[in-house]
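The values are calculated or read from the model by the stated rules, or taken from the named source; none is laboratory data. What you see is a predicted model, and the numbers here were worked out from it, not measured in a lab. In this analysis, Cβ positions are derived from the backbone assuming ideal geometry, glycine residues included, and neighbour counts consider all displayed protein chains. These area figures cover heavy atoms from the full protein model, side chains too; ligands, DNA and RNA do not enter into them. Shrake-Rupley method; radii C 1.70, N 1.55, O 1.52, S 1.80 Å.
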Amino acid sequence: MGYSTAIGFLLLIVIPLSTTATLDAHYYDKTCPRAENIILETIRNASLYDPKVPARLLRMFFHDCFIRGCDASILLDSTPGNQAEKDGPPNISVRSFYVIEDAKTKLEQACPRTVSCADIIAIAARDVVTQSGGPYWNVLKGRKDGKVSKASESVNLPAPTFNVSQLIQSFAKRGLEIKDLVALSGGHTLGFSHCSSFKSRLHSFSSTNDVDPTMNDVFAENLRKTCPLQNKNASAGQFLDSTSSKFDNDYYKQIVAGKGVFGSDQALLNDFRTRWIVESFAREEGFFFKEFVASMVKLGNVGVKTNGDGEVRLKCSVVN
């Protein structure tokens, strides 16, 4: 997806992601007390300049945590002899790395060698949710930055056609439960997708249906106009809910109405294990916010690096 800001969830490779690291909401209180203010200011300025930034940074957090854990490995540049995660096929469309690097530069001036790039991504993800009308939470901090990044480990992004069983299996490999799957999918409320990721639902879907029958008829017809079979507009696509710049529960309302853009989104309504959660989130935005926060905190604990296997990078795109 060219400027695609849809959050993609990864079909996870089996690598050890247990950790003994203890994160703390007050980790930088003494060593860099202005850290969160510096990051927030950077995010706000970047979002004013480019309204796509919030969705992109939220997506970046997911893609980082789901590959090697929350260690900023997605920020590392490729080097001779090693293609890094950001250059793997599923991450080609991840954007706005410059925002994290800008925040890092400012933090190095204020508190040298103190704030990790991994923590910057985690704080930025919270900030873009909050500034878009979503909930606020205290981000646990103290992650170290990983030293390894491999494009080959990024190719396991699940297709937008994944069914619920495949998604549940993916999340379980990271210690995330069914409720986490549905809650974190709500990040699509800020998402946009290009036609290539859902066009298979609109044309020659099966031997008996040209269009995915789980789609709302009017919605499907509008998408077919946006994404014709012979589509020559590479930038054409669809926002993943009807309030694309606002973090709310509209994503779930759209799914209930048969207007999920991805097959994997709509599948959440059609499986008994996830349907009740989707319907609950669609009815009660406060319930969704509560569970989204809990799941984001849980996701932020995946694969955290310690001083033994990580570092605080001086520049986010290269190891020290």
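Filtered by the rule that a residue be open to solvent by less than 30 Å² (accessible area, probe 1.4 Å) and either under 16 Å from Ile67 (Cβ atoms) or modelled with pLDDT under 95 (or both), segment 306-319 gives Gly310, Cys316. The number of residues in segment 60-69 that are of a type outside the set (Val, Ile, Thr), part of a helix (DSSP H, G or I), open to solvent by less than 10 Å² (accessible area, probe 1.4 Å) and touching a Ser or Thr at 6+ places or on another chain (Cβ under 9 Å) comes to 4. Does segment 57-74 contain any residue that is assigned by the TED database to the domain that holds Asp102 and over 16 Å from the mean Cα position of the chain (by Cα)? Scanning segment 57-74 turns up no residue that is assigned by the TED database to the domain that holds Asp102 and over 16 Å from the mean Cα position of the chain (by Cα). Is at least one residue of segment 200-217 in the same structural domain as Ser264 (by the TED database), buried (at least 20 other Cβ atoms within 10 Å of the Cβ) and assigned to a helix (DSSP H, G or I)? Yes. Scanning for something within 25 Å of the chain's Cα centre (by Cα), buried (at least 22 other Cβ atoms within 10 Å of the Cβ) and not polar (S, T, N, Q), does segment 229-236 turn up at least one residue? No, segment 229-236 contains no residue that is within 25 Å of the chain's Cα centre (by Cα), buried (at least 22 other Cβ atoms within 10 Å of the Cβ) and not polar (S, T, N, Q).
Taking segment 88-117 as the range and being surrounded by fewer than 17 Cβ atoms within 10 Å (Cβ to Cβ) and within 26 Å of Ser196 (Cβ to Cβ) as the test, the residues that pass are Pro89, Ile92, Tyr98. For segment 219-266, the candidate set comprises residues that are modelled with pLDDT of 95 or more and among the hydrophobic types (A, V, I, L, M, F, W, C); within that set, the residue that is nearest to Phe162 (Cα to Cα) is Ile255. Cβ-Cβ contacts under 7 Å between residues 6 or more apart (or on different chains), taken from a first residue in segment 238-251 that is farther than 17 Å from Asn216 by Cβ to a second residue that is of a type in the set (Gly, Ala, Ser) and open to solvent by 10 Å² or more (accessible area, probe 1.4 Å), are listed as Ser245/Ser132; Lys246/Ser132; Lys246/Gly133; Phe247/Ser132; Phe247/Gly133; Phe247/Gly134; Asp248/Gly133; Asn249/Ala282. Scanning segment 289-320 for residues that are in a loop (DSSP other than H, G, I, E, B) and hydroxyl-bearing (Ser, Thr, Tyr) turns up Thr306, Ser317.
Out of Lys290, Lys305, Lys298, one residue alone is touching a Gly at 6+ places or on another chain (Cβ under 7 Å) and either assigned by the TED database to the domain that holds Lys173 or within 21 Å of Leu58 (Cα to Cα) (or both). It is Lys305.
If you go through segment 37-51 one residue at a time, do you hit one that is modelled with pLDDT of 95 or more, open to solvent by 50 Å² or more (accessible area, probe 1.4 Å), of a type in the set (Asp, Glu) and in a helix (DSSP H, G or I)? Taking every residue of segment 37-51 in turn, at least one turns out to be modelled with pLDDT of 95 or more, open to solvent by 50 Å² or more (accessible area, probe 1.4 Å), of a type in the set (Asp, Glu) and in a helix (DSSP H, G or I). Among the residues of segment 125-145, is any surrounded by 18 or more Cβ atoms within 10 Å (Cβ to Cβ), closer than 23 Å to Pro89 by Cα, in contact (Cβ under 8 Å) with a residue 24 or more places away in the chain and assigned by the TED database to the domain that holds Phe292? Looking for residues that are surrounded by 18 or more Cβ atoms within 10 Å (Cβ to Cβ), closer than 23 Å to Pro89 by Cα, in contact (Cβ under 8 Å) with a residue 24 or more places away in the chain and assigned by the TED database to the domain that holds Phe292, one finds none in segment 125-145, hence no. Taken together, the residues in segment 255-288 that are β-branched (Val, Ile, Thr), assigned to a helix (DSSP H, G or I) and open to solvent by less than 10 Å² (accessible area, probe 1.4 Å) amount to 4.
For the structure I just gave you, tell me whether Lys246 is assigned to a loop (DSSP other than H, G, I, E, B), in contact with a Ser or Thr (Cβ under 8 Å, 6 or more places away or on another chain) and exposed (fewer than 15 other Cβ atoms within 10 Å of the Cβ). Yes.
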